[in-house]
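The values are calculated or read from the model by the stated rules, or taken from the named source; none is laboratory data. In this text, all values refer to a predicted model and were calculated from it rather than measured experimentally. Note that we place each Cβ from the backbone using ideal geometry, even for glycine, and neighbour counts take in every protein chain shown.
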Amino acid sequence: MTVAGENFEMEISTTVRDAKIVYIVDDDVSMREAITAFIDEAGWQPIAFASAREFLAYPRARVPSCLILDVMLPDLNGLQLQQEIAFDQPTIPIIFITGYGDVPTSVRAMKAGAVEFLIKPFDDSDLLDAVRGALERSAATMGERVKKDLLRRRYASLTEREREVMQLVVCGMMNKQIAAELSISIVTVKAHRGQVMRKMNARSLAELVDFAGDLQLPRRGQRS
């Protein structure tokens, strides 16, 4: 999504940019504790669970995060948990770990969106790289969602007439054409146009067009 970087960066919570949580779900106590210690040493915040049910019951923060998930679990297995959170928490990339080199399972997991599939015992460097990449992906996805939410709130602040003017402006129509289309004066068009630019926090027409595209606004017929 193309947006005004500086404007939006000032509005995005620092927790979205800076906080990093790594969830760990593994019923093997020794493995769970080892990964928890490793993640903590790497400078991220580990939160560990012995089962998928425990993870699902935990109130997860809306910050960049990823999930290190064992495939074989006593209640819901890893693939089932992956399906459970697919719609609820799409910004949490999953790193699968398993003691079994099951190719069909790994293919299924990756097709469903997993970022990595590691076979135990795995190298610490491989896990480190996977977590780092997953957190970067989560932060980017979450940032885009936050930006789009901000755009939606700005658009919601427009009056109905201002929305009409915005739609015609982004279609490339001139003020006199918009005035004729809406049966209002050019002075009124200019006033509405100024309000649109201010409320949408757009610094240029090109930026306003980008905003309209990001919001997927319905387009009225473009006039020459």
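Worth a mention:
- For the range 146-160, filtering for residues that are within 30 Å of PRO46 (Cα to Cα) and surrounded by fewer than 13 Cβ atoms within 10 Å (Cβ to Cβ) leaves 1.
A quick yes/no check of all residues on (1) crowded, with 16+ Cβ neighbours inside 10 Å; (2) of a type in the set (Val, Ile, Thr); (3) outside the structural domain of ASN201 (by TED's automatic domain parsing); (4) without any contact (Cβ under 8 Å) to a residue 40 or more places away in the chain:
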{"site": "LEU118", "(1), (2), (3), (4)": "yes, no, yes, yes"}
{"site": "SER125", "(1), (2), (3), (4)": "no, no, yes, yes"}
{"site": "VAL131", "(1), (2), (3), (4)": "yes, yes, yes, no"}
{"site": "SER138", "(1), (2), (3), (4)": "yes, no, yes, no"}
{"site": "THR141", "(1), (2), (3), (4)": "no, yes, yes, no"}
{"site": "GLU144", "(1), (2), (3), (4)": "no, no, yes, no"}
{"site": "GLU162", "(1), (2), (3), (4)": "yes, no, no, yes"}
{"site": "MET166", "(1), (2), (3), (4)": "yes, no, no, no"}
{"site": "MET174", "(1), (2), (3), (4)": "no, no, no, yes"}
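- Every residue from the range 200-215 that is under 16 Å from LEU168 (Cβ atoms) and touching a residue at least 40 places away in the same chain (Cβ under 8 Å): MET200, ALA202, LEU208, PHE211, ALA212, GLY213, LEU215
- Residues that are closer than 25 Å to ARG153 by Cα and part of a loop (DSSP other than H, G, I, E, B), drawn from the range 174-217: MET200, ASN201, ALA202, ARG203, SER204, GLN216, LEU217
- Every condition in (1) modelled with pLDDT under 70; (2) touching an Asp or Glu at 6+ places or on another chain (Cβ under 9 Å) is met by ARG32 except one, and the failing one is (1).
- Residue match in the range 63-71 (condition: polar (S, T, N, Q) and modelled with pLDDT of 85 or more): yes
- Looking only at residues in the range 64-83 that are hydrophobic (A, V, I, L, M, F, W, C) and crowded, with 20+ Cβ neighbours inside 10 Å, the one that is nearest to ASP149 (Cα to Cα) is CYS66.
- Test result for SER157, among the hydroxyl-bearing types (Ser, Thr, Tyr) and without any contact (Cβ under 8 Å) to a residue 12 or more places away in the chain: no
- Residue in the range 80-96 that is assigned to a helix (DSSP H, G or I), among the aromatic types (Phe, Trp, Tyr) and modelled with pLDDT under 85 present: yes
- Residues being in contact with a helix residue (DSSP H, G or I) (Cβ under 9 Å, 6 or more places away or on another chain) and in a helix (DSSP H, G or I) - total across the range 146-173: 18
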